[in-house]
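No lab work stands behind these numbers, since they all come straight from the coordinates. Just so we're clear, the structure is a prediction, and the values are computed from it rather than from any experiment. As a convention, Cβ positions derive from the backbone with ideal geometry for all residues, glycine included, and neighbour counts pool all protein chains shown.
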Amino acid sequence: MKRRTIGTSFDDFLREEGIYEEVTSHAIKRVIAWQLAEAMKAQKISKAEMARRLQTSRTQIARFLDPENSSVQLDTMQRAAAIVGKRLVITLEDFPRPAA
């Protein structure tokens with residue numbers, strides 16, 4: 001039996017509420033912070049060591065890894081990713097077209 005969707009999608013709901021971009025950017029930041037923390041843990045890189053490699057303070061690293069703090073610059077994310085052997089990939093995608 002084919003399942004049909006009733007109502008709107010969650011994305012549509014967020015757009016209707018006018019918070020789609022804010023929620024999406026917050027979610028992306030949380031994921032990046034989590035991935036970086038996991039990579040640091042796997043490679044046994046402490047916050048202090050990461051701060052040394054990024055030439056910043058441990059406090060800045062703690063802010064960067066805080067999933068609630070969304071004010072991180074793109075170049076900082078790229079440099080942090082490179083330190084743990086990763087690269088940051090950002091793409092632009094078309095919004096899905098609503099079904100007619």
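Values computed for the structure shown
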| read-out | value |
| --- | --- |
| Mean separation of Cα contacts under 8 Å, 6 or more apart, over the residue count of the chain: relative contact order % | 25 percent |
| Translational diffusion coefficient (Stokes-Einstein; Kirkwood radius from C-alpha pairs) of the chain at 37 °C, 0.692 mPa s, in µm²/s | 208 µm²/s |
| Ranked list, fewest to most other Cβ atoms within 10 Å of each Cβ, for V89, V31 | V89, V31 |
| Packing-based ranking, highest mean first, of 35-48, 13-26 given that Cβ atoms within 10 Å are counted | 35-48, 13-26 |
